[in-house]
Amino acid sequence: MTAKNIMIVGVGGQGTLLTSRILGGLATAGGYDVKLSEVHGMAQRGGSVVTFVRYGDKVAEPIVEEGQADVLIAFERLEALRYAHFLKKDGALIVNDWRIDPIPVVIGAAEYPQGIIETLKREHKVYAVNATEESKKLGNPRVFNLIVLGIAAQHMDFTKEEWYDVIEHTVPPKTIEINKKAFDVGYCLES
Amino acid sequence: MSEKKKVIMLGNEAIARGAYEAGVKVSAAYPGTPSTEISEYLVQYKDDLYCEWSPNEKVATEVAVGASLAGTRAMSCMKHVGFNVAADPAYSVSYMGVNGGLVIVVADDPGLYSSQNEQDTRMVARAAQLPVLEPSDSSEAKEFMKQAFELSEKFDRPFVFRTTTRLAHSQGIVELDERKEVEDKPYEKDIRRTVMMPVNAKLRHVEIEKRNLELAEAANTLPINKVEMIDTRIGIITSGIPYQYVKEVLPEASVLKLGMVNPLPKKLIEDFASKVETLYIIEELDPVIEEQVKSWGIKAAGKELFTVQGEYSANMIRRAILGEELRIAEPAQVPVRPPILCPGCPHRSVYYVVKKLNLHVAGDIGCYTLGAVAPLSVVDTTMCMGSSISTLHGMEKAKGKEYIKNWVAAIGDSTFLHTGVNSLMNMTYNKSTGTVLILDNSTTGMTGHQDHAATGKTLQGDPTYAIDIPALCRAVGVKHVTEVNAFDLERLEAVIKEEVARDEVSVIITKTPCVLLSKEKKPLYIAQEDLCKKCGMCMKPGCPAMTKRENGTVCIDDTMCTGCGLCKDLCKFGAIELVKAGDR
């Protein structure tokens, strides 16, 4: 199998590391060669962060380059727009339809772009959901990333049991149930 | 034979695993991105080895040297700029050699993800005449660590283990081996090699030149340097992460992959170069391999095609070597999202007051460096660990005490203990009048919350003596030491005003823990639309949880608010209201 390229983008602190580790664990359990690349340090303080996951028979470079992503998972819609050019022509873009203002917007030096989802839909296959609101309904706004991952799972070749298994092994023990519930929400959404 | 267990590991985790399997007994480090996680993973093996956070990289490396002299395998870990701090022991232990194997792990940061410069450790290591190994993925990281200790003992040389951000923070599949317990080497007193005074060091210099030549000769046949002869039209000499980009783009090209990047295997390189039609040298940052190879009269292309800045990529090689025009969609023009202080960060509150008083800040290395960017924009300088205090002192000596009455130095607790305390000694000794803010958030924040000498806990999780920072300041001669809560705006303002006006050194410690340290449910504030007068006061500190509604009134993001209350204290109209923690 040629390498499958997945990107997770978001705002530092949103949990991109946890999500990439779930994906990495999933591909490892599936017997693939896997590489993933993360961002630590300063960018984790509210900056724009990117994580790459690649798996297949043999993977050399640990990053995904422009025009090569099969799936782009965005935890915030401005970040989806920032990295959309990394997608392949027929790649899937899964977006948490949620807004976090970057500091230039907070201080009035820039405007938050309007109509991002519509703009993205003109070029890409877009699956947008306000996962943050959905996760609040579950009682924990932090598990929105599992909802987004649930949608992404619809575009990947792993069984629900395989996903459950890796979630159980990756998230903190106390949060397994709510994370699985959040995953289900995304997995069952029609897209 | 049973099959080895395969796991996916971060580069830094693999380095820790390699050290464990190599039988390391002592490791010392100071946190620094992208090296920090090595120690955090190593501590899981604490039943078999000792590891610690030292106050700085010089101390850490000297600890490792001591452990090596005592006959055990030992290491220190740091980021590239930390290697400058450790340069003093590194240059001289190079003369001394080792007893137990000694490895200094140094992580470079091409692309400056979290650093103040982009220096190439291979250059520093060459200057110190230290051999260098460089892995290209997690699996090699583990194996090369083991080889580093073997080679260190075999050739009596301390080894540098160079990684980069992309290696350190990428995960890949690793096969686990068992730990190999290594018998301690006996210690034999021999001052000719362990007392570096001129008469001994002169002779050691001759000796290590000889050792390095032996190592360079051996490098021609060491399996760590690997030739992959395939299509000979293109030949590439590379090492580290760029090797992966080469394999991605040119799987058929012939490659000489160097696992040891100092000293270079001259014969092996000459032989490889003679067998390929066009030779390229692909290495991240400085032309370390390239300049040496070209100096031997070998024709090759390198930095004419590639940059000395930032990270490489497969696309970069596609363009430079294959001349491919890549049809890539243009990125959208969108507002940048730079890193910022977190919602609820105590530094924001302190900087808000500093800005209100119109003061300049001689800054330092840590999360609080982010006070340099808008809207706070209070930090004037950031250079290296501990430098805030000494640069302020220098300004005063140049221009006099009145000149620095609208200046303060700002430094974090961990950075203060790293090297800042030396600068404070200098201030009292040389009769400075400056004001130092120690932004004490009870942790090493930027690198992800590591303990330090004032937190009362060791890397191995044991309770320990916690340095009393106010007492330490008094002990070095500061008469005016004041502790203030970072969120007590009124008192903070009064104290800063009083201390900057004073004609003596003073230290203000703003002691409030990092907001990320506590996992408790925190209070939540909301902004009431009908009471908001759109004055913008609450937006001034630049909290990312504060946004504006279409009508210009303020709205607080309930997923981000941590309940610090700074915005509430700034609102004159009572528009910001506390919602109980249970209501979240």
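Remarks
- Matching option when the condition is within 28 Å of B:Ala125 (Cα to Cα), within 14 Å of chain A (Cβ to nearest Cβ) and not acidic (Asp, Glu), among B:Thr307, B:Thr238: B:Thr238
- A:Ile147 being open to solvent by less than 50 Å² (accessible area, probe 1.4 Å), of a type in the set (Val, Ile, Thr) and not in a strand (DSSP E or B): yes
- Selection count where residues are open to solvent by 30 Å² or more (accessible area, probe 1.4 Å) and part of a helix (DSSP H, G or I), scope region B:330-360: 2
- Breaking point among (1) free of Cβ contacts under 8 Å to residues at least 60 places away in the same chain; (2) more than 16 Å from B:Gln460 (Cα to Cα); (3) crowded, with 24+ Cβ neighbours inside 10 Å, for B:Ser27: (2)
- Verdict on B:Tyr368 being of a type in the set (Phe, Trp, Tyr) and touching a Pro at 6+ places or on another chain (Cβ under 7 Å): no
- Scan of region B:50-68 for residues that are open to solvent by less than 10 Å² (accessible area, probe 1.4 Å) and over 21 Å from the mean Cα position of the chain (by Cα), ordered by number: B:Ser68
- Residue check, A:Gly25 touching a residue at least 60 places away in the same chain (Cβ under 8 Å) and not aliphatic (A, V, I, L, M): yes
- Among the conditions (1) outside any strand (DSSP E or B); (2) in contact (Cβ under 8 Å) with a residue 12 or more places away in the chain, B:Lys154 misses just one, which is (2).
- Criterion (within 14 Å of another protein chain (Cβ to nearest Cβ), open to solvent by less than 30 Å² (accessible area, probe 1.4 Å) and in contact with a Ser or Thr (Cβ under 6 Å, 6 or more places away or on another chain)) met by exactly one of B:Gly386, B:Gly366, B:Gly412: B:Gly366
- Residue check, A:Thr2 modelled with pLDDT under 95 and more than 8 Å from chain B (Cβ to nearest Cβ): yes
- Any hit, region B:48-55, residues being part of a helix (DSSP H, G or I), free of Cβ contacts under 8 Å to residues at least 40 places away in the same chain, away from chain A (no Cβ under 14 Å) and closer than 28 Å to B:Ile365 by Cα: no
- Residue match in region B:178-195 (condition: of a type outside the set (Val, Ile, Thr), part of a helix (DSSP H, G or I) and more than 20 Å from B:Ala141 (Cα to Cα)): yes
- Failed item, numbered, when B:Ile508 is tested on (1) buried (at least 20 other Cβ atoms within 10 Å of the Cβ); (2) among the aliphatic types (A, V, I, L, M); (3) out of contact with any helix residue (DSSP H, G or I) (no Cβ under 7 Å at 6 or more places or on another chain): (3)
- Test: residue in region A:32-39 that is part of a helix (DSSP H, G or I), at pLDDT 95 or above and either facing another protein chain (nearest Cβ under 10 Å) or farther than 21 Å from A:Tyr164 by Cα (or both): no
- Evaluation of B:Gly71 against (1) out of contact with any helix residue (DSSP H, G or I) (no Cβ under 8 Å at 6 or more places or on another chain); (2) open to solvent by 10 Å² or more (accessible area, probe 1.4 Å) (one fails), failing number: (2)
- Qualifying residue in region B:457-465 (condition: surrounded by fewer than 16 Cβ atoms within 10 Å (Cβ to Cβ), over 30 Å from B:Ser390 (Cα atoms) and charged (D, E, K, R)): yes
- Of the set (1) within 14 Å of chain A (Cβ to nearest Cβ); (2) open to solvent by 30 Å² or more (accessible area, probe 1.4 Å); (3) assigned to a helix (DSSP H, G or I), all apply to B:Ile173 but (3).
- Region B:109-141, residues that are more than 13 Å from every other protein chain (Cβ to nearest Cβ) and either under 20 Å from the mean Cα position of the chain (by Cα) or among the acidic types (Asp, Glu) (or both): B:Asn117, B:Glu118, B:Gln119, B:Asp120, B:Thr121, B:Arg122, B:Met123, B:Val124, B:Ala125, B:Val132, B:Leu133, B:Glu134
- Test: B:Thr547 is surrounded by 16 or more Cβ atoms within 10 Å (Cβ to Cβ) and of a type outside the set (Gly, Ala, Ser): yes
- B:Ile298, sole failed condition from (1) outside any helix (DSSP H, G or I); (2) among the hydrophobic types (A, V, I, L, M, F, W, C); (3) under 30 Å from B:Glu402 (Cβ atoms); (4) more than 14 Å from chain A (Cβ to nearest Cβ): (3)
- The residues of region B:478-504 that are closer than 23 Å to B:His452 by Cβ and either without any contact (Cβ under 8 Å) to a residue 60 or more places away in the chain or open to solvent by less than 20 Å² (accessible area, probe 1.4 Å) (or both), listed by number, are B:Val478, B:Val481, B:Thr482, B:Glu483, B:Val484, B:Asn485, B:Ala486.
- Residues of region B:316-355 that turn out to be among the small types (Gly, Ala, Ser), facing chain A (nearest Cβ under 7 Å) and closer than 30 Å to B:Ala301 by Cβ, as a count: 1
- Selection count, region B:512-570, where residues are part of a loop (DSSP other than H, G, I, E, B) and of a type in the set (A, V, I, L, M, F, W, C): 12
- Any chance B:Val255 is open to solvent by less than 20 Å² (accessible area, probe 1.4 Å), touching a helix residue (DSSP H, G or I) at 6+ places or on another chain (Cβ under 8 Å), modelled with pLDDT of 95 or more and over 28 Å from A:Lys58 (Cα atoms): no
- Residue in region B:311-318 that is in contact with a Phe, Trp or Tyr (Cβ under 6 Å, 6 or more places away or on another chain) and outside any loop (DSSP other than H, G, I, E, B) present: yes
- Among the residues of region B:1-16, not one is away from chain A (no Cβ under 14 Å), open to solvent by 30 Å² or more (accessible area, probe 1.4 Å) and either closer than 21 Å to B:Ser414 by Cβ or assigned to a helix (DSSP H, G or I) (or both).
- The set of residues in region A:135-178 that are more than 14 Å from chain B (Cβ to nearest Cβ) and small (Gly, Ala, Ser) comprises A:Gly150, A:Ala152, A:Ala153.
- Where a residue in region B:395-410 is closer than 12 Å to B:Val505 by Cβ and its partner, wherever it lies, is open to solvent by 90 Å² or more (accessible area, probe 1.4 Å), with Cβ under 7 Å and at least six apart: B:Glu396/B:Tyr403
The values are calculated or read from the model by the stated rules, or taken from the named source; none is laboratory data. What you see is a predicted model; the values in this text were computed from it and never measured. Heads up, the Cβs are rebuilt from the backbone with ideal geometry, glycines too, and the neighbour counts pull from every protein chain shown. Side chains included, ligands, DNA and RNA excluded: accessible areas come from the protein's heavy atoms. Shrake-Rupley method; radii C 1.70, N 1.55, O 1.52, S 1.80 Å.
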